[in-house]
1. Given the conditions (1) touching a His at 6+ places or on another chain (Cβ under 9 Å); (2) at pLDDT 85 or above, and given that residue 78 satisfies all but one, which numbered condition is not satisfied?
2. Is it the case that some residue within segment 64-74 is closer than 30 Å to residue 4 by Cβ, of a type in the set (S, T, N, Q) and part of a helix (DSSP H, G or I)?
3. Can we say residue 87 is under 19 Å from residue 11 (Cβ atoms), outside any loop (DSSP other than H, G, I, E, B) and modelled with pLDDT of 85 or more?
4. Which of (1) open to solvent by 80 Å² or more (accessible area, probe 1.4 Å); (2) acidic (Asp, Glu); (3) closer than 18 Å to residue 79 by Cβ does residue 36 not meet, given it meets every other one?
5. Condition first: touching a residue at least 40 places away in the same chain (Cβ under 8 Å) and aliphatic (A, V, I, L, M). Can you find one or more residues in segment 101-114 that meet it?
6. Name the single residue that is farthest from residue 90 (Cα to Cα) among those in segment 1-17 being among the acidic types (Asp, Glu) and surrounded by 14 or more Cβ atoms within 10 Å (Cβ to Cβ).
7. Output the residue which, of all residues in segment 57-73 that are surrounded by 11 or more Cβ atoms within 10 Å (Cβ to Cβ) and modelled with pLDDT of 75 or more, is nearest to the chain's Cα centre (by Cα).
8. Would you confirm whether or not segment 18-32 contains a residue that is touching a residue at least 24 places away in the same chain (Cβ under 8 Å), touching a Lys or Arg at 6+ places or on another chain (Cβ under 7 Å) and open to solvent by less than 100 Å² (accessible area, probe 1.4 Å)?
Amino acid sequence: MEARDPELRRELDATLQAHGELGPEYESALIDSFLEKVEERLAGTYDQRTRRQLAEQQMAAVRGTTQPAGPAGTFGERFGFGVVSLVLAIPLSAIGVANAGIDGLVVAWLGIFGVNAVHAARAWPWGRGKRRTSSEWDG
């Protein structure tokens, strides 16, 4: 996905125009619709990147070469994960506040923070070591 995607820009313009025509009572539905389109675009970009990486690995396996292991998560992956987390934080916050007030909001944001912390921890040097197998844990 490009930094300035013309299709998403058109969708945003259409959403804003519809908001102006329909009024504030349809605001949440319009925002949800636009966010779904953004999520679909992000998912499509992620799927495309995953397919490309898989094809590169298969080509390397056929050629008999190995690719060096890269860092745990590129900048784009981490940035995309953060963006998706913030996009999903909006409805999660609303649900938390509607059901449990400020306590629900705090729980929702602690969950969001926890998921992002675990994702970020993958890139830490001590998190990239050898993983233990079940036999190493047994004895």
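1. Every condition holds for residue 78 apart from (2).
2. Checked against the condition, which is being closer than 30 Å to residue 4 by Cβ, of a type in the set (S, T, N, Q) and part of a helix (DSSP H, G or I), segment 64-74 yields no hits at all.
3. Here the answer is yes, as residue 87 does meet what is asked.
4. (3) is the only condition that residue 36 fails.
5. No: segment 101-114 contains no residue that is touching a residue at least 40 places away in the same chain (Cβ under 8 Å) and aliphatic (A, V, I, L, M).
6. Among residues in segment 1-17 that are among the acidic types (Asp, Glu) and surrounded by 14 or more Cβ atoms within 10 Å (Cβ to Cβ), the one farthest from residue 90 (Cα to Cα) is 5.
7. Selected residue: 57.
8. Scanning segment 18-32 turns up no residue that is touching a residue at least 24 places away in the same chain (Cβ under 8 Å), touching a Lys or Arg at 6+ places or on another chain (Cβ under 7 Å) and open to solvent by less than 100 Å² (accessible area, probe 1.4 Å).
The values are calculated or read from the model by the stated rules, or taken from the named source; none is laboratory data. The model shown is predicted, which means the values in this text are computed figures rather than measured ones. All Cβ positions, even for glycine, are placed from backbone atoms using ideal geometry, and neighbour counts span all protein chains on display. When the accessible area is computed, the model is the full protein with side chains, heavy atoms only, and any ligands, DNA or RNA have been set aside. Shrake-Rupley method; radii C 1.70, N 1.55, O 1.52, S 1.80 Å.
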